[in-house]
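A short write-up of the structure that comes next.
The values are calculated or read from the model by the stated rules, or taken from the named source; none is laboratory data. Every value quoted in this text rests on a predicted model; they were computed, and no experiment measured them. Glycine gets a Cβ as well: all are built from the backbone with ideal geometry, and neighbour counts include every protein chain shown. Accessible surface is based on the protein model in full, side chains and every heavy atom, while ligands, DNA and RNA are left aside. Shrake-Rupley method; radii C 1.70, N 1.55, O 1.52, S 1.80 Å.
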Amino acid sequence: MKKPRVLSFLSSGAVASLCLVAPTLSNAQEKPKLVLQITVDQLRGDLIERYGVHIGEGGFRYLLENGVNFVSAHHRHANTETIVGHTTLATGTDPAIHGMVANLWFDRKTGMPFYNVQDPDYPLIGAAGIDAENEIDPTQRAATTDGRSPRNIISSTISDEIALHFGPASKVFGVSVKDRGAIAMAGHAGDAYWFSKSEGRFVTSTFYRDAYPRWIEGWEDKGMVASYANRAWSLLGNIEDYAFGDRDDQRWETDLPGFGRVFPHNWGASDGKYFTTLLTLSPAGDEITVDFAKTLLDAEQLGKDDVTDYLSVSLSSTDYVGHIFGPSSLEAEDNFAHLDRQIADLLKHVDRVVGLENTLIVLSADHGAPEHPGYLATLGIEAGLFDFNRVDKEPGFVRLQMDFDESNDLVQNFSNPYLYLNQDLISERGLDPVVVERAVAEELQKLPGIAYAIGSSDLRNGSFARTKISDAVLSNFNPDRSGDIYVVFEPHWFVADFDGLHVASAHGSPWTYDTHVPLIISGSDIAPKTVARRVETVDVAPTIAAILGTKPPSGAVGAPLPEAMPMTKEAP
């Protein structure tokens with residue numbers, strides 16, 4: 001049994017005033033037995049069409065033929081990172097309200113980076129946590145504790161609202177390779193499981209429970225993770241059938257030792273230092289996640305009664321493959337083919353044990369992805385990579401530092417996309433913090449590759465030009481967590497080096513290649529159609545709430561999508 005606990009999200013008059021009252025269905029309308037929310041990490045909105053030749057039966061094809069396909073769905077916040085997008089989909093609100101402004105932000109109280117879902121009060125159950133020496137994800141490596149919980153999310157989620165509405169009989173779960181992908185969607189009231197690369201198994205924390213259920217030991221005993229040892233990721237189809245079949249070795253792709261830039265990509269021995277990491281950088285990560293989710297679905301008896309249950313499955317391989325090889329690569333194309341088959345496998349299992357006619361399916365993504373400047377150059381499109389480590393060596397910035405502070409300590413931290421100024425030093429020198437902030441922002445904006453540098457003081461008092469970009473930055477602004485200056489890079493520019501790891505793609509911008517995501521909603525009595533008007537990801541949670549008849553999440557600012565409302569059944 002899950003330990004009773006108080007939901008940790010905040011509620012206030014300010015947040016409550018933003019909540020939208022969603023229309024509810026008639027009591028005569030049967031509620032789904034299961035809500036299945038699938039989030040594909042880094043699945044840019046055009047990729048289903050672009051790589052559509054690889055779509056088989058039962059996966060994307062089922063959703064496209066039986067669901068409402070919103071082809072112009074966008075995140076409206078500026079920092080399109082994993083935790084930000086997942087939490088927005090879960091809460092129906094902006095990071096300014098739900099609080100997850102970045103994968104990492106700088107904690108001024110401790111003077112340390114803060115990983116979004118870290119929580120020292122809730123350690124992992126029987127697990128060692130992140131292996132900092134071998135972890136290649138720089139955001140997870142920066143965490144200062146192995147404990148994890150959703151307590152930093154300061155709004156309820158749609159999964160919370162399902163638990164609140166239907167009561168303790170409703171079961172809520174989130175599963176992902178990434179801890180932040182599972183935790184954000186499971187919310188405060190659900191249970192979350194994520195894949196520990198250091199342990200080679202799925203783990204959770206004491207926030208959720210005191211011990212693992214027996215079925216997890218049974219899943220581990222199958223030895224699925226170990227079964228990939230001394231094998232390799234090979235192409236699913238014939239190379240002649242791939243758009244990138246003649247481009248398997250692009251110079252900008254990341255060449256990880258032993259994994260390489262060309263097929264086949266070897267996973268190595270099970271005791272290899274990076275064995276489990278390499279699994280997550282390939283379709284194997286999604287295969288493991290889907291298999292675990294299927295086992296959970298059976299063991300926890302989801303969808304077996306008339307009380308609505310909730311299962312989130314966040315699939316991370318597309319993101320990792322995109323970072324290492326880029327979205328325009330043979331690896332990304334083949335991964336999409338595998339992804340389609342994993343979604344088909346999951347839906348087939350759900351149909352067998354619950355019935356797709358009893359299931360509300362919502363598929364979307366937490367963000368898109370940019371192309372590497374090397375690929376864009378082949379098409380004549382100008383782009384570039386930005387090195388923030390060189391900023392303090394720029395002549396204008398050196399002069400600015402000397403004007404305000406000869407110790408060169410004016411900038412305390414840069415956690416993309418936020419720059420944090422040394423407020424203690426500014427106070428000690430008797431400087432005007434607004435003057436310093438604006439001067440630094442002005443100097444940053446002169447640098448090649450930076451489109452905008454927007455100060456938090458200007459966001460607070462509204463003294464900035466209202467544009468699509470500045471509105472996105474404002475949607476991202478949380479006074480307790482955001483930095484002093486928000487940096488927006490020019491289109492097709494991004495930071496590619498993260499603590500020695502050079503990546504082929506790095507999302508996080510307000511430009512449309514990062515904000516555009518798929519959104520497909522399928523369920524009983526929902527008429528299939530394609531919708532071309534622009535919709536926003538803050539509309540997803542309110543739409544689920546309207547279909548189920550629950551309250552929207554506490555901070556919701558989106559509105560239910562009328563095209564996804566089930567047709568009302570006439571009374572006999």
Filter the stretch 507-521 down to residues that are assigned to a loop (DSSP other than H, G, I, E, B) and at negative phi, then give me how many there are. 5
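Against the condition outside any strand (DSSP E or B), under 21 Å from the mean Cα position of the chain (by Cα) and either among the acidic types (Asp, Glu) or surrounded by 23 or more Cβ atoms within 10 Å (Cβ to Cβ) (or both), how does ALA504 come out, does it pass?
Spelling it out, ALA504 is indeed outside any strand (DSSP E or B), under 21 Å from the mean Cα position of the chain (by Cα) and either among the acidic types (Asp, Glu) or surrounded by 23 or more Cβ atoms within 10 Å (Cβ to Cβ) (or both).
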Selection from the stretch 434-489 of residues within 20 Å of PRO395 (Cα to Cα) and open to solvent by 60 Å² or more (accessible area, probe 1.4 Å) yields VAL435, ARG438, GLU442, GLN445, LYS446, PRO448, TYR452
Reported set for the stretch 309-322 where residues are in contact with a strand residue (DSSP E or B) (Cβ under 9 Å, 6 or more places away or on another chain) and either open to solvent by 10 Å² or more (accessible area, probe 1.4 Å) or in a strand (DSSP E or B) (or both) is ASP309, TYR310, LEU311, SER312, VAL313, SER314, LEU315, THR318
Would it be correct to say that THR80 is part of a loop (DSSP other than H, G, I, E, B), at pLDDT 95 or above, within 30 Å of PRO370 (Cα to Cα) and among the β-branched types (Val, Ile, Thr)? yes
Answer yes or no as to whether ASP539 is out of contact with any Asp or Glu (no Cβ under 9 Å at 6 or more places or on another chain), in a loop (DSSP other than H, G, I, E, B) and either open to solvent by 10 Å² or more (accessible area, probe 1.4 Å) or more than 20 Å from LEU47 (Cα to Cα) (or both). no
Criterion (among the charged types (D, E, K, R), over 27 Å from PHE263 (Cβ atoms), surrounded by 13 or more Cβ atoms within 10 Å (Cβ to Cβ) and touching a helix residue (DSSP H, G or I) at 6+ places or on another chain (Cβ under 9 Å)) met by exactly one of ARG214, ARG201, ARG209: ARG201
Let me spell it out: the conditions are (1) assigned to a loop (DSSP other than H, G, I, E, B); (2) modelled with pLDDT of 95 or more; (3) not acidic (Asp, Glu), and GLY374 meets all of them except one. Which number is the exception? (1)
Test: residue in the stretch 47-54 that is at pLDDT below 95, surrounded by fewer than 22 Cβ atoms within 10 Å (Cβ to Cβ) and of a type in the set (Gly, Ala, Ser): no
Whichever residue in the stretch 373-412 is over 17 Å from ILE450 (Cα atoms) and under 26 Å from the mean Cα position of the chain (by Cα) and, among such residues, is most open to solvent (accessible area, probe 1.4 Å): TYR375
Considering only the stretch 294-317, how many residues are more than 22 Å from the chain's Cα centre (by Cα), among the hydroxyl-bearing types (Ser, Thr, Tyr) and more than 12 Å from THR359 (Cα to Cα)? 1
Do the conditions hold for ASP286, that is, is it among the charged types (D, E, K, R) and open to solvent by 10 Å² or more (accessible area, probe 1.4 Å)? no
Restricted to the stretch 289-308 and to residues being touching a helix residue (DSSP H, G or I) at 6+ places or on another chain (Cβ under 6 Å), open to solvent by 10 Å² or more (accessible area, probe 1.4 Å) and assigned to a helix (DSSP H, G or I), the residue farthest from GLY549 (Cα to Cα) is THR295
